[in-house]
1. Within region 69-105, track down each residue that is open to solvent by 70 Å² or more (accessible area, probe 1.4 Å), free of Cβ contacts under 8 Å to residues at least 60 places away in the same chain and over 21 Å from His136 (Cα atoms).
2. Restricting to region 22-53, and then to whatever is closer than 18 Å to Lys89 by Cα and of a type in the set (A, V, I, L, M), can you tell me which residue is most open to solvent (accessible area, probe 1.4 Å)?
3. Considering only residues that are open to solvent by less than 50 Å² (accessible area, probe 1.4 Å) and more than 27 Å from Asn86 (Cβ to Cβ), which ones fall in region 54-65?
4. Among the residues of region 106-116 satisfying the criterion of being part of a loop (DSSP other than H, G, I, E, B) and among the hydrophobic types (A, V, I, L, M, F, W, C), which is least open to solvent (accessible area, probe 1.4 Å)?
5. Yes or no: Val132 touching a Lys or Arg at 6+ places or on another chain (Cβ under 8 Å) and modelled with pLDDT of 90 or more?
Amino acid sequence: MDELPHAYKCLPLLMANQWGWQILCPTDVAVTWDGSPAQSGLRIEVAPQFEPAIKSQFGSGIVTFSPPWLFRTSPGWNLYLKGPSNRWKPNCVPLEGVIETWWLNYTFTLNWKLVEPGSVFFARGESLGQLVPVPHATFQDATALEAPIGLLEPAAAQELLQWLERRRLLAGQKDNVHHLYRKAEGVEEHLQRVDVPPVRSIEPWDHDRRHDPTGGQGSAG
C-alpha cells in the first residue's frame, strides 16, 4: 500500500487490514509439495524446536500450524479464523473457519493449502491468520432482500447518485492523492482513531515453554 498510496483512501480496505488480531509465524518455514495426497508428500523445513507445531497433519498439500494458546471469548461470541486480509501467497491459500471459543475447551490449527505441486516460504513474523470476533447468532432469523433502492429508500438513492457524481469528478483529476489519507489523520468524515489494548508477548511458540501450559507466568491467560 505504501507503493500505491491511493489505496489508503479506501476506508473499507484499511479497516479490513486492521480488523481483529494477527497470528504471526514464529520462524522461517520452507514447504514443498510433490502433489500426492499423503502426509509424506509435503516436506517441511523448519528449526527442530518447531517441528511438533508446524507439520504435515492432513495430507493433500496442507501445512498445519498449531498455536500454543487456548482462546476464550465472551459468551455468545465466536472467532472467525481467516487468512490475513488483502495479502496473498503464490500457489498457497489459507483455510478458514469459525470457532465457538466461548465454550470450546480445546485449541484449533491454522492451515494453508498448496494449490499445485511446488514450494512456498513463510517468513518469521509473517501473518498466518487473522482472528475476528463474530456473534454466534449472526445469521439467526436473518433474511436477504433484493429490491430497487429508489422504492425502498429514496433518500439513500439520491445520496448514492450524488456520491457517484463526486467520485466521477475526483477520478478525472490528474493527482487526487492527498498525503493525509495515508495516515487517515485530519480527514473530514474519516475513521476516528482509537487506542488498541496492547498484547504482551512471551514468545509462547518457544519449545522450552511448550511444556508449561501457563507459559511460565503462573496462571493461564
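The values are calculated or read from the model by the stated rules, or taken from the named source; none is laboratory data. These numbers were taken from a predicted model, which means no experiment stands behind them. FYI the Cβ positions are ideal-geometry reconstructions off the backbone, even for glycines, and counts take in every protein chain you see. In case anyone asks, the SASA skips ligands and DNA or RNA and just uses the protein heavy atoms, side chains included. Shrake-Rupley method; radii C 1.70, N 1.55, O 1.52, S 1.80 Å.
1. Within region 69-105, Arg87, Trp88, Pro90 qualify.
2. So the residue we want is Leu24.
3. Of everything in region 54-65, those that are open to solvent by less than 50 Å² (accessible area, probe 1.4 Å) and more than 27 Å from Asn86 (Cβ to Cβ) turn out to be Ser56, Gly59.
4. First, pick out the residues of region 106-116 that are part of a loop (DSSP other than H, G, I, E, B): 106-109, 115-116.
Now narrow it down to the ones that are among the hydrophobic types (A, V, I, L, M, F, W, C): 108, 115.
Numbers: Phe108: 28, Val115: 75 Å².
Of everything passing the filter in region 106-116, Phe108 is least open to solvent (accessible area, probe 1.4 Å).
5. Details: touching a Lys or Arg at 6+ places or on another chain (Cβ under 8 Å): yes; modelled with pLDDT of 90 or more: yes.
Taking the combined requirement at face value, the residue satisfies it.
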